[in-house]
Amino acid sequence: MPHAGETAVYTHGHHESVLRSHTWRTAENSAAYLLRALKPHMRILDIGCGPGTVTADLAALVPDGHVTGLDREPGILERARAVAEERGLTNADFVTGDVHALDFPDDTFCVVHAHQVLQHVGDPVAALREMRRVTKPGGYVAVRDADYAAMTWYPGSAGLDDWLDLYRRVARANGGEPDAGRRLKAWALEAGFTDVTATTGTWTYSTAEERAWWSGLWADRTVASAYAERAVAGGHATRAELQAVAAAWREWGTREDGWFAVLHGEILCREDV
């Protein structure tokens, strides 16, 4: 999620339909590519932590270490603190901050992690340089972002085609890059990393429960979130057009043969010793 010094605007906002998605995320379904590198003693910075579900999972995986969750929104950090408290975690704290100007000394963290962040920032290469700065020699910068143009679904839907086109236009008008996943390796190399492992991961929604959840949150987000307001205010869509896209989402969600896949780019960057 974006931070104070950026030129980009966080496209989604923090409507309930957005948090419905964010609170579903776990270290296993959102950071599996990183988990093999974790050691119990590590100190981790989780940038764009949102409601803190992934942050809490990471804290549980480093019981002798510490995790700091960082986000620009003080209100969402209250949710994150509550998650950590409910899980009985004492090795996590949460702070507000700017990914382009992290308020930590050089070489502070063993791991700096960002999930679905760089697609929303104004200068992802500068953000990666700052993440690199606060990473200890031998440590890791771990980043994962969706790639909207690579999302695919069945059956075909003109309404979902309209959704994808609209979302990408709104995100770019806000200063972000919705097709960030494919660009992560290039951005990391430009930021100065030389040891970059690039992988992919997916989310798939196919069961009746998964389809209802995924289609419902996007239908609601399309008409009721900050994204909807920005789509209308920016002249990208009318309210009627947003309602038509939401209806297409709900119709797709009822299809027994419905299937939707989200492709993510992932990079694990090792900082030189």
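The values are calculated or read from the model by the stated rules, or taken from the named source; none is laboratory data. Source: prediction; values computed, not measured. Positions of Cβ are backbone-derived with ideal geometry, glycine not excepted, and every protein chain shown enters the neighbour counts. The accessibility values were calculated without ligands, DNA or RNA, using every heavy atom of the protein model including side chains. Shrake-Rupley method; radii C 1.70, N 1.55, O 1.52, S 1.80 Å.
Taking 0.36 nm per residue of sequence separation and removing the Cα-Cα distance, the residue 236/residue 104 pair yields an extension gain of 43.6 nm. Shown are 135, 254, whose ranking by accessible area with a 1.4 Å probe and every protein chain present, most to least, is 254, 135. The slack in the chain from residue 152 to residue 133, taken as 0.36 nm per residue of separation less the alpha-carbon distance, amounts to 3.2 nm. The orientation-averaged projected area of the convex hull spanned by the Cα atoms of the range 31-188 comes to 10.3 nm².
Within the listed set 71, 107, 179, the residue fluctuating most in the Gaussian network model of the chain (springs between alpha-carbon atoms under 10 angstrom) is 107. Placing +1 on the Cβ of every Lys and Arg and -1 on the Cβ of every Asp and Glu, with nothing else charged, gives the range 25-100 a dipole about its Cα centre of roughly 220 debye.
With a Förster radius of 30 Å applied to the C-beta separation of residue 168 and residue 82, the computed FRET efficiency comes to 0.35. The charge dipole of the range 190-273, taken about the Cα centre with unit charges on the Cβ atoms of Lys, Arg (+1) and Asp, Glu (-1), comes to about 440 debye, rounded to the nearest 20. Bridges between two residues of the chain, per DSSP, are antiparallel at a rate of about 50%.
The Cα center of the range 55-80 and the Cα center of the range 242-256 differ in position by 35 Å.
Here the chain is treated as a Stokes sphere of Kirkwood radius computed over C-alpha pairs; at 37 °C and 0.692 mPa s its diffusion coefficient rounds to 174 µm²/s. Once backbone amide H atoms are built at 1.01 Å from N, residue 100 has 5 as its partners under 5 Å, excluding neighbours fewer than 5 places away on the same chain. In a reduced charge model with +1 at each Lys and Arg Cβ and -1 at each Asp and Glu Cβ, the chain shows a dipole moment near 180 debye about its Cα centre. The loop-placed trypsin sites (Lys or Arg not before Pro) in the range 63-144, going by DSSP, that have at most 15 neighbouring Cβ atoms within 10 Å of their Cβ come out as 87.
Taking amide H positions as modeled 1.01 Å from N, with prolines and chain starts lacking one, the residues under 5 Å from residue 66 and 5 or more places away or on another chain are 43, 44.
Taking 12 Å as the cut-off, the amide N atoms of the range 42-76 that come nearer than this to a point 7 Å along the Cα-to-beta-carbon line of residue 29 belong to 54.
Under 5 Å from the amide H of residue 151 lie the amide H atoms of 263, each residue being 5 or more positions distant or on a separate chain, with H modelled from the backbone and absent for Pro and chain starts.
Solvent-accessible area of residue 41, all protein chains in place: 120 Å² (probe radius 1.4 Å, heavy atoms, ligands and nucleic acids excluded).
How much net charge surrounds residue 229 when only the other residues with a Cβ under 13 Å from the Cβ of residue 229 are counted, with Lys and Arg +1 and Asp and Glu -1? Summing Lys and Arg as +1 and Asp and Glu as -1 gives +3.
Projecting the Cα atoms of 186, 213, 235 onto the dipole axis of the range 131-258, where Lys and Arg carry +1 and Asp and Glu carry -1 at the beta carbon, places 186 farthest toward the positive end.
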